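Accompanying notes for the structure given below.
The values are calculated or read from the model by the stated rules, or taken from the named source; none is laboratory data. Remember, predicted model here, so these are calculated numbers, not experimental data. Here the Cβ positions follow ideal geometry from the backbone for every residue, glycine too, while neighbour counts run over all protein chains shown.
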Amino acid sequence: MQPSVSIQNLKLDFGSVSVLRDLNLDIGQGEFLVLLGSSGCGKSTLLNCIAGLLEPTEGSIHINGNNVTWSEPSDRGIGMVFQSYALYPQMTVEGNLSFGLKNARMPKDEIKTRVARAAEVLQIEPLLKRKPAALSGGQRQRVAIGRALVRDVDVFLFDEPLSNLDAKLRADLRVEIKRLHQTLENTMIYVTHDQVEAMTLADRIAIMKGGVVMQLDTPDVIYNKPANKYVADFIGSPSMNFFDTVLTTADGPQVSIAGKDVSLAGYDFTRPGVSGDVWFGIRPEHILTGEMAGAAPTQFEVRAELAEPMGAETLVWSSLDGTALRFRVDGQMKITPGDALLIGFDPARASIFDKVEELRI
Amino acid sequence: MSQSGKPTALFKNLSAKIAAIPMVLTALMVFVGCSVWTIIYSFTNSRLLPSAEWVGLDQYERLWGTRRWLISIENLAIYGILMLILALVIGFLLAALIDQKIRFEDGFRTIFLYPYALSFIVTGLVWQWLLNPEFGIQNAVRNLGFETFSFDPLYNPDTVLYGVLIAGLWHTSGLVMCLMLAGLRGIDEDVWKATKIDGIPAWKTYIVVVIPMMRPVFITTLVLVTSGIIKLYDLVIAQTGGGPGLASEVPAKFVFDMMFVSQNLAQGFAASTMMLVAVIFVIIPWAYLEFGGKKHG
Amino acid sequence: MADVTTNMRRPSPAHASGPKPRRAFSRKNIMIYSILFVLAVYYLLPFYVMLMTSLKGLAEIRTGNIFAPPMEITFEPWAKAWATVCTGLNCDGLSRGFWNSVKITVPSVFFSIAVASVNGYALSMWRFKGANVFFTILIIGAFIPYQVMIYPIVVLLREIGLYGNLGGLVLVHTVFGMPILTLLFRNYFSSVPEELFKAARVDGARFWTIYFKIMLPMAVPIFVVAVILQTTAIWNDFLFGVIYTRPENYPMTVQLNNIVNSVTGVKEYNVNMAATLLSGVVPLTIYFLSGKLFVRGIAAGAVKG
C-alpha cells in the first residue's frame, strides 16, 4: 500500500541556517505519527512544509502518491489545527467551520450538512451561533478541529494543539483526539514537545533534533530500546542514569560499575560483539529498592543525598562511584538524606551506547 | 493541480507583488526619481521651464549670495532652535503635570491638543488677529489703563519671528505633550516606588531617572518636530506673508516663490536641494542613534 | 517606542505613573490645578476670541476689546463668510472652498487608505524579496522636504494630463500619505497572529480573500484611526492645494488665506474670523468626536517600523 504522506530528501534552509537536513519519512494510511522534540528541532517547520505553508529548499512531499511539493495548502487534502486555535474572531463558529468550504465553492446545502455532521461529532452544536470570544479554550480547540473535519481531508495536521490548555483540559482533549482518530481512521501528524502526549497518542513517534529524525518507531521501542543516547536521555522523566564504563567481551559481555562486574548475558544486543568505551544507561524506574533489590541480579549499596516526595512515590537523588543516580521509591518510605539504601537492577533492561557515535549497542 | 511544478521566482507571491506596485512606483518614481531630478536640474540654468543647459555650481553660488536666502536660513535656524527647545520643555512639563494623577485628565489633554487638529493657515490667521496692534492683545491691555503697553511682534522686523513662534508653539506643543505622556506612562510604576523608598525628591527623580529612561521618546519627538520645522511654510504665509519686508522669510517659501512666482526654477531647485542636505544631516545622526546604537546596547 | 499606542489605550487615571497619590486639597495639588487651569485658558483663548469676534459687528470690533463678549450678537459675518465673500472674481463665499475640500478629501482619504492598507498587509504577511527595500525608501521618503519633489511632480502630472485637476491632487495625497499609513497598517497586521493567516491559507483563501474576509473586518479600529489621521491632514493641507489645483478648485485652506490676506478692500475682521472658524469646523469635529483614536493616530507617527 502506498504511504499516505511521503517525504523525500527534504531540505530547508533559512539563509545559512539549515532547519531541515535531508529528511526522509513515510507515513502509512491511517497512521498517527507524532513529531516530538525540543523547541528549534524543526518539527513545526516540517509540519508547515507538509501543509504547504513553507516552501522547502530541496526535496519533495507526496500525499497519496501526488507530488504536492509546490501545491497550495488547500489543494493538498490536509486540515490543520493550531496551538492558538486561530479561529477567525469576527465569524461565528458556523462561519469558521464553513469558511474553507465556501472558498472551495461548495453548494450551500452540502456545506450545511457537513457543518452539522462535524458539530455533532465534536458536540459543539449549541455553540454554532456564537463568536470565538464567547467560547472556552477547550471549546475553541474543538471548533478548530471541526474546521479540519468539515473539509473531509485525508491528513490531519496538529501543531501543538493542546499546549495552550490547562493540564486537566489537556488530558481530556487528548483522549478525545485519540477517540477521533479511532473513529475517522485518517492519517494524523501531530507535533508536540510533550512526551506524555506523544506516548499516549502515537502509533509511531519521530524524535527530531537539529532538523534530523533521531529515531522513528513505536512508543514501546522508543522507550525500551532507544536508538541513541539522545533519545534515551530525551524520553522518560526523570531522565535515564548513565554510567561511563567499558564493555568487554572476553568472558562474555560485561561492564564494570563501581568496581563490580555486571554480566550482560540477558541483554538483547542490537550490535553483538562490539566492545570498548560505552555509556551504560538505566532508567530511574528500573532501579529497584528494598526487598525487590535483594532479588535483582545486580545490587549496590548507596546513600540518599536528597529526597523529593511526590505523593505516590519519592524521587531519590544519590550517587554511585561519582555518577549521579536517580531512582524512585514507594511514597510510604520515609527517606532522610544520609540513609543507606540497597538498590538493584536487571541489566537486561539497560540501554548501552558506544561513546563515539552514541548509538545503541 | 496536484502535479504542478516549482513556480518560477517572478510569479511566486504574484498578488502581493501586484498589490505593492503603487508602493514601488511611489518609492522609485516620486521619492527617488523626483528628488534626483531636482538635484540634477539644480545644476542647469532653468528659468520659466526646465532647461538642460549645464551651468555647474553657478546656481548654488548665486543662492548663497542672495540676501533673501541668507535671511531665510537664519530665520529658520533661530525659529528652529527656539521651537525645538520650547516645544520639548513645554510639552514635557504639560505631560508631567497631567501625569500627577489629576482629575479631568482627559479634559485637559483635549484642550492642550486641539490646536494640533487645526491647520497652520487657521493657526496663523488667529494669531495674526490676536497680535493685531490696533484691535488685539495690545489694544485690550491699553484699554485696561496701561497706555504705553506695547505688544505688536508681527509689525516689527526684530520680533516678528517670535510672533510666529508663539503661534507655532500653540499648535505643536500638544503633540509633544501627547508623545511625552505616552513615554511617562511607559515607565514602570516600580521605578517611582523605588525612588520614594530611597527618599529621592520627585523633581530629582524626573531629571536623574525618568528623562534618561525616556531617551527614545525624546529622540522620536525631536525628529518629528524637526521635520515639521523644516517644512515650515503655511504658518508664515497665513500669519505674516514673509514680512515685514523679508523679516519672516523661510526656505520653503523661498523655494515656492522661486519656482512658481519668480520663474527662476533652478534657484528653487538649488534651494530645495540645500533643504534636502539639511534634512540628511538631521536623519543620519538619528538613524545612527536609533539603529546603530542598538547593536551595542 | 513601539508600545506608545498600547499605553495610550490604558484607562488613564488608575495607571498614571506620577510620583505619588495625594490628598485632594494638598498645597501641591492646588498649585498643579492652578497651573493647568492657567495654561488651559491660554490654549483656549484663541478659540474664544475667534468665536467672539465672529459674532460681533464691525463697529463694535473697532471700538471694543477683543476679549469682551459681543454686546449684540450677529450671525451676519457667518452668513457672509459662507455665501457671499469674494475671492478674486468669485463672490460665492467659502462654500465653494468647502465643497472643493470635500471633493478632494473624500477620494483622497479613500484611495490613500485603500492603497496603504493593502500595502501594509502585503508587507506583513506576504513578504517577498525586495519588499523591505521599497518600504525603507518609503519611510525615508517621508522625511524628504516636499519642496524637493513638488516641481518634478508638476511635470509628471502634466505628462499624464492630471495637472490642475482634482484627480491629480488626489493622486498626490495618496502618494504622500503612503509612508505613514503603510507603517500604521504594517504594524497592525504584524500584530495579528501568524497562525490565523496560516489557517486561512489551509482553508483555501488566497491574497484578496484573506484581505477582505479575514483581515479587513478585524482591522476596523485601525481603519478608523487612519480615516481620522488622513481626513485631518488632507483637509488642513495648503501647499499641495495651491500648487496642484487651479483657482476654481482651490481647497478651503487656500481660499481662506486668499480671503483674509487679500490686500484690497476694507478688512472685515468679523467675517475673517467666521471664515477661519468655518475652515476649522471639520477637523475640530473629528477631533472632539474621535477622542483617544486621534491620539492613537498621532502616536502612529512616532512608532517606528
Would you point out which residue out of B:217, B:176 is assigned to a helix (DSSP H, G or I), out of contact with any strand residue (DSSP E or B) (no Cβ under 9 Å at 6 or more places or on another chain), buried (at least 17 other Cβ atoms within 10 Å of the Cβ) and at the interface with another protein chain (Cβ under 9 Å from one of its Cβ atoms)?
B:217
Of the residues in the range C:61-92, those that are within 16 Å of residue B:130 (Cα to Cα) and of a type outside the set (Ser, Thr, Tyr) come to C:61, C:62, C:64, C:65, C:66, C:67, C:68, C:69
For residue B:48, all conditions in the list (1) outside any loop (DSSP other than H, G, I, E, B); (2) within 14 Å of chain C (Cβ to nearest Cβ) hold save one; what is the number of the exception?
(1)
Given (1) in contact (Cβ under 8 Å) with a residue 24 or more places away in the chain; (2) facing chain C (nearest Cβ under 10 Å); (3) of a type in the set (Phe, Trp, Tyr), index of the condition residue B:69 fails:
(2)
Would you confirm whether or not the range A:70-90 contains a residue that is under 22 Å from residue C:125 (Cβ atoms) and away from chain C (no Cβ under 12 Å)?
yes
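I'm trying to understand the selection: among the residues of the range A:67-84, which are over 18 Å from residue C:205 (Cα atoms) and surrounded by fewer than 17 Cβ atoms within 10 Å (Cβ to Cβ)? First the steps, then the outcome.
The initial filter retains those residues of the range A:67-84 that are over 18 Å from residue C:205 (Cα atoms), namely A:67, A:69, A:83-84.
Once the filter is applied, which keeps residues that are over 18 Å from residue C:205 (Cα atoms) and surrounded by fewer than 17 Cβ atoms within 10 Å (Cβ to Cβ), the range A:67-84 yields only A:67.
Residue-by-condition table, conditions (1) closer than 23 Å to residue C:171 by Cα; (2) not small (Gly, Ala, Ser):
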site: C:240; (1), (2): yes, yes
site: C:246; (1), (2): yes, yes
site: C:258; (1), (2): no, yes
site: C:265; (1), (2): no, no
site: C:278; (1), (2): no, yes
site: C:282; (1), (2): yes, yes
Taking the range C:195-218, which residues are under 14 Å from residue C:126 (Cβ atoms), in a loop (DSSP other than H, G, I, E, B) and of a type outside the set (Lys, Arg)?
C:205
Name the pairs: first residue in the range B:85-109 and outside any helix (DSSP H, G or I), second residue of a type in the set (A, V, I, L, M, F, W, C), Cβ to Cβ under 6 Å, at least 6 apart or on different chains?
B:99/B:184; B:99/C:16; B:100/C:32; B:101/C:16
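Looking at the range B:233-255, can you tell me whether even one residue there is farther than 29 Å from residue C:273 by Cα and surrounded by 24 or more Cβ atoms within 10 Å (Cβ to Cβ)?
Going residue by residue through the range B:233-255, those that are farther than 29 Å from residue C:273 by Cα are B:255.
Going one step further and asking which of them are surrounded by 24 or more Cβ atoms within 10 Å (Cβ to Cβ), we end up with B:255.
Within the range B:233-255, one or more residues are farther than 29 Å from residue C:273 by Cα and surrounded by 24 or more Cβ atoms within 10 Å (Cβ to Cβ).
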If the requirement is being assigned to a helix (DSSP H, G or I) and facing another protein chain (nearest Cβ under 7 Å), which of these qualifies: B:238, B:287?
B:238
Considering only the range B:248-264, state which residues are charged (D, E, K, R) and assigned to a helix (DSSP H, G or I).
B:253, B:257
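Looking at the structure I just gave you, is residue B:56 out of contact with any Pro (no Cβ under 8 Å at 6 or more places or on another chain) and either within 30 Å of residue C:35 (Cβ to Cβ) or not charged (D, E, K, R) (or both)? Talk me through it step by step, then tell me what you get.
Numbers: out of contact with any Pro (no Cβ under 8 Å at 6 or more places or on another chain): yes; either within 30 Å of residue C:35 (Cβ to Cβ) or not charged (D, E, K, R) (or both): yes.
Against the criterion (out of contact with any Pro (no Cβ under 8 Å at 6 or more places or on another chain) and either within 30 Å of residue C:35 (Cβ to Cβ) or not charged (D, E, K, R) (or both)), residue B:56 qualifies.
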State all residues of the range A:322-358 that are surrounded by 16 or more Cβ atoms within 10 Å (Cβ to Cβ), of a type in the set (A, V, I, L, M, F, W, C) and in a strand (DSSP E or B); if no residue qualifies, say none.
A:325, A:327, A:329, A:341, A:342, A:343, A:345, A:352, A:353
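Within the range C:215-232, can one find any residue that is within 30 Å of residue A:155 (Cα to Cα), within 14 Å of chain A (Cβ to nearest Cβ) and crowded, with 19+ Cβ neighbours inside 10 Å? Please lay out each step first, then the result.
Filtering the range C:215-232 for residues within 30 Å of residue A:155 (Cα to Cα) gives C:215, C:218.
Applying the additional criterion that residues be within 14 Å of chain A (Cβ to nearest Cβ) yields C:215, C:218.
Those left that are additionally crowded, with 19+ Cβ neighbours inside 10 Å: C:215.
Scanning the range C:215-232 turns up at least one residue that is within 30 Å of residue A:155 (Cα to Cα), within 14 Å of chain A (Cβ to nearest Cβ) and crowded, with 19+ Cβ neighbours inside 10 Å.
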Scanning the range C:156-201 for residues that are over 19 Å from residue C:114 (Cβ atoms), more than 14 Å from chain A (Cβ to nearest Cβ) and of a type in the set (Ser, Thr, Tyr), the one surrounded by the fewest Cβ atoms within 10 Å (Cβ to Cβ) turns out to be C:190
Hits in the range A:261-295 - residues which are of a type in the set (D, E, K, R) and surrounded by fewer than 14 Cβ atoms within 10 Å (Cβ to Cβ)
A:261, A:268, A:271, A:277, A:291
Can you tell me which residue is modelled with the highest pLDDT among those in the range C:259-277 that are assigned to a helix (DSSP H, G or I) and more than 10 Å from chain B (Cβ to nearest Cβ)?
C:274
Among (1) closer than 30 Å to residue B:133 by Cα; (2) modelled with pLDDT of 90 or more; (3) part of a helix (DSSP H, G or I); (4) more than 9 Å from chain C (Cβ to nearest Cβ), the one test that residue B:267 misses:
(1)
Residue tally, condition crowded, with 24+ Cβ neighbours inside 10 Å and aliphatic (A, V, I, L, M), over the range C:233-259:
4
Can you name the residue in the range B:103-118 that is more than 7 Å from chain C (Cβ to nearest Cβ) and under 17 Å from residue B:91 (Cβ atoms) and, of all such residues, is surrounded by the fewest Cβ atoms within 10 Å (Cβ to Cβ)?
B:110
Just give me the residues in the range B:119-157 being closer than 19 Å to residue B:242 by Cα, within 9 Å of another protein chain (Cβ to nearest Cβ) and not hydrophobic (A, V, I, L, M, F, W, C), in sequence order.
B:119, B:123, B:124, B:128, B:132
For the range C:126-147, which residues satisfy the criterion of being part of a helix (DSSP H, G or I), surrounded by fewer than 22 Cβ atoms within 10 Å (Cβ to Cβ) and aliphatic (A, V, I, L, M)?
C:131, C:133, C:137, C:139, C:140
Considering only residues that are without any contact (Cβ under 8 Å) to a residue 60 or more places away in the chain and either assigned to a helix (DSSP H, G or I) or more than 12 Å from chain B (Cβ to nearest Cβ) (or both), which ones fall in the range C:234-247?
C:236, C:242
State whether one or more residues within the range A:112-128 are of a type in the set (A, V, I, L, M, F, W, C) and over 34 Å from the mean Cα position of the chain (by Cα).
no
Looking at the structure I just gave you, is residue A:151 surrounded by 17 or more Cβ atoms within 10 Å (Cβ to Cβ), under 25 Å from the mean Cα position of the chain (by Cα) and of a type in the set (D, E, K, R)?
no
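Would the range C:101-115 turn up any residue that is crowded, with 19+ Cβ neighbours inside 10 Å, of a type in the set (Phe, Trp, Tyr), in a helix (DSSP H, G or I) and under 26 Å from the mean Cα position of the chain (by Cα)?
Narrowing the range C:101-115 to residues crowded, with 19+ Cβ neighbours inside 10 Å: C:101, C:104-105, C:108-109, C:112-113, C:115.
Next, from what is left, pick out any that are of a type in the set (Phe, Trp, Tyr): none.
No, that holds for no residue.
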Being touching a residue at least 40 places away in the same chain (Cβ under 8 Å) and either surrounded by 19 or more Cβ atoms within 10 Å (Cβ to Cβ) or of a type in the set (Phe, Trp, Tyr) (or both) is the filter here; which residues of the range A:220-235 pass it?
A:226, A:227, A:228, A:229, A:230, A:232, A:234, A:235
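Let me confirm something: among A:133, A:104, which residue is surrounded by fewer than 17 Cβ atoms within 10 Å (Cβ to Cβ), among the aliphatic types (A, V, I, L, M) and in contact with a Gly (Cβ under 7 Å, 6 or more places away or on another chain)?
Working: A:133 fails: in contact with a Gly (Cβ under 7 Å, 6 or more places away or on another chain).
Of the residues listed, the single one that is surrounded by fewer than 17 Cβ atoms within 10 Å (Cβ to Cβ), among the aliphatic types (A, V, I, L, M) and in contact with a Gly (Cβ under 7 Å, 6 or more places away or on another chain) is A:104.
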